[in-house]
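Enquirer: So that we are looking at the same thing, I have put the structure below in structure tokens.
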Amino acid sequence: MPPSTIHLPTASQTLFMASFHRFCVSSLLVPNNRSQISNAYRAPSVVSMPTTQKWSITEDLPFISNTSKQHNHQTEYRTFSDEFYVKHEKKLKDVRRALRKVEETPLEGLVMIDTLQRLGIDYHFQGEIGALLQKQQRKSTCDYPEHDLFEVSTRFRLLRQDGHNVPADVFNNFRDKEGRFKSELSRDIRGLMSLYEASQLSIRGEDILDQAADFSSQLLSGWATNLDHHQARLVRNALTHPYHKSLASFMERNFHYDYKGQNEWVNNLQELAKMDLTVVQSMHQKEVLNVSQWWKDTGLANELKLVRNQPLKWYMWSVAALTDPRFSEERVEFTKPISFIYIIDDIFDVYGSLEELTLFTDAVNRWELTAVEQLPDYMKVCFKALYDVTNEIAYKIYKKHGRNPIDSLRRTWASLCDAFLVEAKWFASGHLPKAEEYLENGIISSGMHIFTVYMFFLLGGCFTKESVNLVDEHAGITSSIATIFRLWDDLGSAKDEDQDGYDGSYVECYLKDHKGFSVENVREEVIRMISDAWKRLNEECLSPNPFSATFRKGSLNIARMVPLMYSYDDNHNLPLLKEYMKAMLYDSSS
């Protein structure tokens, strides 16, 4: 059935958007809305301009331009010779041959799969990796003891990452009669690192993995100060950036092959990874320019002078989530709704009066162009652009995958604006909600539901009634990611905006509800809550579930991206995000 509710923009509609103008005083980067709520709590009658939330790249478009200049791509994109592709194909065949060979050596097979994933080239070999892991799963369920901590931990982690519901009791062999991990493990540094990595895939109720995390992290922290520089760096990297909770594409540069067995395939993997990097970076550069051109064509940066003007930063979410090179078009399209989350957030924070915001929320809920008649011009521009972009994306999804997602998409925008409006009312009244109430609404106002719904439909695959219903709800995978996002955001606000926790965040709400608690006490509780949200997310990604492996991986990658977006330094900059941008776009250092 054709998507009758989808409307493509006409020339007159484009002129309609260009005809609106509003008075603006300056171009400014703005912080998250929690800081604005805080100001309202202190002095509800005073309307203050937002403080600038700095980050490392304050001007996106010049950075994009500079990236192109560094590679002389202003007029042409990088091309690759036939010789390059022949060599690339040979490397692929060499690696496939090596994968078949390691089938007879289970431990080396595990290490090779791990290396492929850490180098970010596993997407070439999903069939071979899947077959190997199936054999590894059968081995993990065999009824005989294994005493190699590294092998057991690595197998457990790789299988769980692939969605296999492997029981945690495989670690019982490493505990003594009192249920504690054996003391003789304390000198097995490689095994301890692998055990710590495996513990990051725990789900709720797995006390043995909680114990494994405490046991391994305490011992490794001690070793990190007593090893040579190379080993200490490996240990610190594992503790600070465990693989499961980090972006493989970002951590690849810090990965050092450290397996003492047969290694004839190592050079092939490293050379293939370098070749892949040049191709993928060229693809990302094209995508960045497409995104920047789209952003320029919307005219929103000119019409809404106070909203964030950060297309490159928004695009980084897409790069992180959809890592497979074949999703180039999807990365560009995915960036568009992400940009509107930031834009609408800024409208609620910076522009609108409560009356205007109520009208805007009503217009989004009605999802009709005629609903904008009573809105101020700047809101008309925003709603029209949101309406057009959403319908365009819905139509593309319909053409490619045969399903019209417009109802799901518009409902997510309505729920986001509803949640923003709740926060605006708190702002206007000076009402500080209870922590539980704040977090319940904050999970929705995080915008993560927009992320998961758009990603689900853009990726296509099997649209079952169960999967569509689940992704439409603010529950399961979405709720877990949103909790991680909101709590990380609030931790960053409390620490990095130099507000001692009083920033209209979950920290402030919790302090009000629990008299006598210090900011540090609450921060520790928030970190525990983030850990629990990760356990729920891990559980949601295990089989059986109705979602594709690609969607599950994308969801995990969104959660993994959160720390990069909120790890501010003392100058309120985002050095990790800047490093990630460079790695994805042009930096060839290793």
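Enquirer: What percent do you get for the relative contact order of the range 299-586 when only Cα pairs under 8 Å and 6+ apart count?
Expert: Computed value for the range 299-586: 18 percent relative contact order.
Enquirer: Further question on the same structure: Step through the table entries LYS93/LYS286; LYS135/LYS245; LYS245/LYS578; LYS313/LYS553; LYS380/LYS535, compare each Cα-Cα distance with 30 Å, and write down the pairs that go over it.
Expert: Table pairs above 30 Å Cα-Cα are LYS380/LYS535.
Enquirer: State the Kirkwood hydrodynamic radius of the range 299-586 in Å, one decimal place, computed from all pairs of distinct Cα atoms.
Expert: Computed over the range 299-586, the radius equals 19.8 Å.
Enquirer: Here's something else I'd like to know. What is the distance in Å between the Cα centroid of the range 514-558 and that of the range 328-352?
Expert: For the range 514-558 versus the range 328-352, the Cα centre distance is 24 Å.
Enquirer: How long are the semi-axes of the equivalent ellipsoid of the range 200-334, taking √(5λ) for every eigenvalue λ of the Cα gyration tensor, in whole Å from largest down? It would help to have the intermediate numbers written out before the result.
Expert: Working: eigenvalues 287, 98, 41 Å².
Output for the range 200-334: semi-axes of 38, 22, 14 Å.
Enquirer: For the range 546-590, what is the Kirkwood hydrodynamic radius in Å, using each pair of distinct C-alpha atoms?
Expert: With all distinct Cα pairs of the range 546-590 included, I get 12.2 Å.
Enquirer: Could you sort out which of LYS400/LYS465; LYS434/LYS515; LYS336/LYS400; LYS274/LYS396; LYS305/LYS384; LYS336/LYS384 sit more than 23 Å apart by Cα distance in this structure?
Expert: Flagged as over cut-off: LYS274/LYS396.
Enquirer: While we're looking at this one, here's another question. Charges only on Cβ, +1 for Lys and Arg, -1 for Asp and Glu: so what's the dipole of the range 299-586 about the Cα centre, in debye to the nearest 20? Intermediate values should be presented prior to the final figure.
Expert: Values: 31 positive and 43 negative charges, 253 e Å.
Approximately 1220 debye in magnitude.
Enquirer: Please report how far the C-alpha centroid of the range 432-467 lies from that of the range 125-202, rounded to the nearest whole angstrom.
Expert: 32
Quick note: the coordinates plus some simple rules give every number you see, no bench work behind them. Owing to the predicted nature of the structure, the values given are computational and were not obtained by experimental measurement. Counting neighbours? That spans all protein chains shown, and the Cβs are built from the backbone with ideal geometry, glycine included.
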